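Peer 1: Before we start, here is the structure in question, set down as structure tokens.
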Amino acid sequence: MKKIITLFILSGLTAFAAGCGKKAVESKSMDTIYKESGVPVTVQTLQNGEFRSDCLFHSELTGLEETTAYAAVNDKVEKILFSVGDRIAQDEIVITFPTDNPATPYYQTKTALDHAQTTLARIKNLYESGGISLQEYENTKTQYEVTKANWDAVQRAVRVKAPIGGVITRMDVQKSDNVKSGDPLFTVANTRTLKAEVWATEGQATGISKGDRADAVWRDVTIHGRVVQADLSLDTKKKAFGLVIEFDNPGGRMKAGVNSEIHVHAGKNSQAMIIDRKNVRTEGDSTFVFIANDSLAVKQPVLLGRRQEMNIEVIRGLEPGDRLITTGQMLLENNTKIRIVQE
């Protein structure tokens with residue numbers, strides 16, 4: 001029985017050794033084939049092509065012109081004449097406050113203005129008839145202008161007007177609310193054109209220029225625009241490059257104040273050299289590809305640029321007509337013999 005077991009073990013070891021020997025022979029044979037006939041590879045003849053790099057940001061959309069009106073006195077809101085969404089003209093009265101507030105001497109200032117106006121008219125007649133000097137007339141006129149300025153300030157305090165024409169996008173108070181001087185009352189925006197301010201990384205900013213197309217998307221609404229400002233220097237606090245984008249908003253389809261997706265379509269470069277990222281190899285801090293030079297694989301250093309999905313731009317190192325090796329790179333070194341199986 002022991003003899004049978006021993007024979008069985010010896011047979012197994014012999015078979016294992018034979019198998020290992022066979023694999024070694026096959027491996028050696030494959031290396032020999034590669035050395036003799038070359039590593040099988042596929043190549044791609046390179047041409048310049050169009051490179052489009054779309055960048056996604058998120059930003060609040062605001063009116064191209066947007067201004068907030070603030071309370072000038074401590075008082076109670078008397079009337080609100082418009083609502084959010086209403087379109088108003090510049091200087092239309094939006095909110096009123098009582099005229100009997102001691103802090104805003106409405107009637108006293110109006111009486112003083114009427115008196116100053118009457119006095120100015122009388123002094124002007126006297127001056128024109130030679131009854132008083134030019135100095136006296138100018139002093140009276142100055143007093144009238146000061147009184148009128150006081151009246152205008154009181155008017156602005158109790159009759160709050162729209163600082164610009166546009167749409168009321170926010171109302172911060174309600175009727176009968178008690179407010180303090182400096183509290184926000186309402187915001188008016190020109191929503192025919194909206195804008196977004198976003199921050200781009202160094203890689204994104206490389207491909208974005210003034211004039212590039214952009215879309216703003218919020219829910220089922222999309223509006224179109226352009227990059228109107230692309231900073232050329234890095235903001236040291238944000239560690240990014242600022243972009244300002246303006247969008248046409250026909251019919252007010254997009255609401256101001258919403259946080260939307262901003263898609264910037266970077267400018268086209270018809271002279272871009274584009275390759276698949278899988279064909280790029282790295283070694284330390286350097287990047288390279290293999291190109292076919294007759295029957296040899298040549299290691300070619302490259303400088304990379306913009307990225308888009310699986311594609312990458314080669315800024316330096318490749319030229320149109322170069323034959324890029326696209327498979328078999330793992331078996332290659334510089335000046336390895338190759339055999340092109342597909343081109």
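Peer 1: For the subset of region 145-163 comprising residues that are hydrophobic (A, V, I, L, M, F, W, C) and surrounded by fewer than 16 Cβ atoms within 10 Å (Cβ to Cβ), which member is farthest from Tyr106 (Cα to Cα)? Walk me through how you get there before you give the answer.
Peer 2: Residues of region 145-163 hydrophobic (A, V, I, L, M, F, W, C): 146, 149, 151, 153-154, 157-158, 160, 162.
Still in the running and surrounded by fewer than 16 Cβ atoms within 10 Å (Cβ to Cβ): 146, 149, 153.
Values: Val146: 15, Ala149: 13, Ala153: 10 Å.
Only one residue fits best here, namely Val146.
Peer 1: What pairs come up if the first residue lies in region 148-165 and is farther than 17 Å from Ile80 by Cα, the second is hydroxyl-bearing (Ser, Thr, Tyr) and assigned to a helix (DSSP H, G or I), and their beta carbons are under 8 Å apart, counting only those six or more places apart or on different chains?
Peer 2: Taking only residues 6 or more apart or on different chains, the pairs are Asn150/Thr109; Trp151/Thr109; Val154/Tyr106; Val154/Thr109.
Peer 1: In region 56-71, what residues are part of a strand (DSSP E or B) and not hydroxyl-bearing (Ser, Thr, Tyr)?
Peer 2: Residues satisfying the conditions are Leu56, Phe57, His58, Glu60, Gly63, Glu66, Ala69.
Peer 1: Go over the candidates Ile275, Ile262, Ile291 one by one and state the one that is part of a strand (DSSP E or B), touching a His at 6+ places or on another chain (Cβ under 9 Å) and of a type outside the set (Lys, Arg). Walk me through how you get there before you give the answer.
Peer 2: Values: Ile275 fails: touching a His at 6+ places or on another chain (Cβ under 9 Å); Ile291 fails: touching a His at 6+ places or on another chain (Cβ under 9 Å).
Going through Ile275, Ile262, Ile291 in turn, just one is part of a strand (DSSP E or B), touching a His at 6+ places or on another chain (Cβ under 9 Å) and of a type outside the set (Lys, Arg): Ile262.
Peer 1: Among Thr169, Thr119, Thr142, Thr111, which is surrounded by 16 or more Cβ atoms within 10 Å (Cβ to Cβ) and hydroxyl-bearing (Ser, Thr, Tyr)?
Peer 2: Criteria check complete, one pass: Thr169.
Peer 1: Quick one: would you say Thr282 is of a type in the set (Ser, Thr, Tyr), part of a strand (DSSP E or B) and either crowded, with 19+ Cβ neighbours inside 10 Å or in contact with a strand residue (DSSP E or B) (Cβ under 6 Å, 6 or more places away or on another chain) (or both)?
Peer 2: no
Peer 1: Let me ask another. In region 187-202, which residues are of a type in the set (Lys, Arg) and either touching a helix residue (DSSP H, G or I) at 6+ places or on another chain (Cβ under 7 Å) or at pLDDT 95 or above (or both)? Steps first, answer last, please.
Peer 2: Looking only at region 187-202, we keep the residues that are of a type in the set (Lys, Arg), and these are 192, 195.
Answer for region 187-202, where residues must be of a type in the set (Lys, Arg) and either touching a helix residue (DSSP H, G or I) at 6+ places or on another chain (Cβ under 7 Å) or at pLDDT 95 or above (or both): just Lys195.
Peer 1: Same structure again: Give me a count of the residues in region 77-91 that are part of a loop (DSSP other than H, G, I, E, B), out of contact with any Gly (no Cβ under 8 Å at 6 or more places or on another chain) and of a type outside the set (Phe, Trp, Tyr).
Peer 2: 8
Peer 1: If I go through region 329-343 residue by residue, how many of them are under 41 Å from the mean Cα position of the chain (by Cα) and either under 10 Å from Thr42 (Cβ atoms) or free of Cβ contacts under 8 Å to residues at least 40 places away in the same chain (or both)? Don't jump to the end; show me each part of the working.
Peer 2: Filtering region 329-343 for residues under 41 Å from the mean Cα position of the chain (by Cα) gives 329-330.
If we keep only those that are either under 10 Å from Thr42 (Cβ atoms) or free of Cβ contacts under 8 Å to residues at least 40 places away in the same chain (or both) as well, we get 330.
Residues in region 329-343 being under 41 Å from the mean Cα position of the chain (by Cα) and either under 10 Å from Thr42 (Cβ atoms) or free of Cβ contacts under 8 Å to residues at least 40 places away in the same chain (or both): 1 in total.
Peer 1: Could you list, in sequence order, the residues of region 285-343 that are surrounded by fewer than 16 Cβ atoms within 10 Å (Cβ to Cβ), of a type in the set (D, E, K, R), closer than 18 Å to Gln271 by Cα and modelled with pLDDT of 90 or more?
Peer 2: Matches in region 285-343: Arg316, Glu319.
Peer 1: For region 62-115, name all the residues that are farther than 30 Å from Val198 by Cα and charged (D, E, K, R).
Peer 2: Answer for region 62-115, where residues must be farther than 30 Å from Val198 by Cα and charged (D, E, K, R): Asp75, Lys76, Glu78, Lys79, Asp91, Glu92, Asp100, Lys110, Asp114.
Peer 1: Please determine, by comparing only the residues of region 241-267 that are surrounded by fewer than 20 Cβ atoms within 10 Å (Cβ to Cβ) and in contact with a Phe, Trp or Tyr (Cβ under 7 Å, 6 or more places away or on another chain), which one is farthest from Thr45 (Cα to Cα).
Peer 2: The selected residue is Val258.
Peer 1: So, one more: What residue, among those in region 40-62 that are modelled with pLDDT of 90 or more and more than 14 Å from the chain's Cα centre (by Cα), is nearest to Pro250 (Cα to Cα)?
Peer 2: Gln47
Peer 1: Continuing with this model, one more query. What about Phe51, is it within 20 Å of Ala266 (Cα to Cα) and touching an Asp or Glu at 6+ places or on another chain (Cβ under 6 Å)?
Peer 2: The answer is yes for Phe51.
Peer 1: Could you check region 177-196 and list, in sequence order, the residues that are in a strand (DSSP E or B) and surrounded by 15 or more Cβ atoms within 10 Å (Cβ to Cβ)?
Peer 2: First pass over region 177-196, keeping only residues in a strand (DSSP E or B): 178-179, 184-189, 193-196.
Listed by number, the residues that qualify are Val179, Leu185, Phe186, Thr187, Val188, Ala189, Thr193, Leu194, Lys195, Ala196.
Peer 1: So, one more: Looking at region 212-225, which of the residues that are touching a strand residue (DSSP E or B) at 6+ places or on another chain (Cβ under 6 Å) and of a type outside the set (A, V, I, L, M, F, W, C) is surrounded by the most Cβ atoms within 10 Å (Cβ to Cβ)?
Peer 2: So, considering only residues that are touching a strand residue (DSSP E or B) at 6+ places or on another chain (Cβ under 6 Å) and of a type outside the set (A, V, I, L, M, F, W, C), the one surrounded by the most Cβ atoms within 10 Å (Cβ to Cβ) is Gly225.
The values are calculated or read from the model by the stated rules, or taken from the named source; none is laboratory data. Because the structure is predicted, anything quoted here is derived from the model rather than measured. As a convention, Cβ positions derive from the backbone with ideal geometry for all residues, glycine included, and neighbour counts pool all protein chains shown.
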